[in-house]
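Participant: Take a look at the following structure, please.
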Amino acid sequence: MYELIQIRNELRAVQVNINQITRYFYALEARDRRMFDALKVEETYRKVDDKVTTLVAMVAKLGEKWLRR
């Protein structure tokens with residue numbers, strides 16, 4: 001259960017980071033800078049993907065455990 005809480009907190013932090021980057025992105029006028037920031041967002045999304053994969057595996061294990069009862 002601790003791992004689920006930790007992943008939830010990490011995903012919230014990533015969400016905040018993405019929101020900040022997006023707000024900043026739309027405030028920029030320089031096209032080159034936007035491309036740089038878009039690449040940063042891509043890196044952040046990759047982190048989310050890893051966490052979600054872990055989360056899905058954990059939930060699947062819990063589901064199997066609960067269904068056996």
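Participant: Between the helical axis of 31-68 and the dominant principal axis of the chain, each derived from Cα atoms, what acute angle in degrees is found, rounded to the nearest 10?
Facilitator: For helix 31-68, the angle is close to 10 degrees.
Participant: Now, a different point. Could you grab the Rg to Rh ratio for the chain? Cα atoms only, Kirkwood for Rh.
Facilitator: Looking at the chain, the ratio lands at 1.20.
Throughout, read-outs are computed from the coordinates displayed, never taken from laboratory work. Model, not experiment: these values are computed from the prediction.
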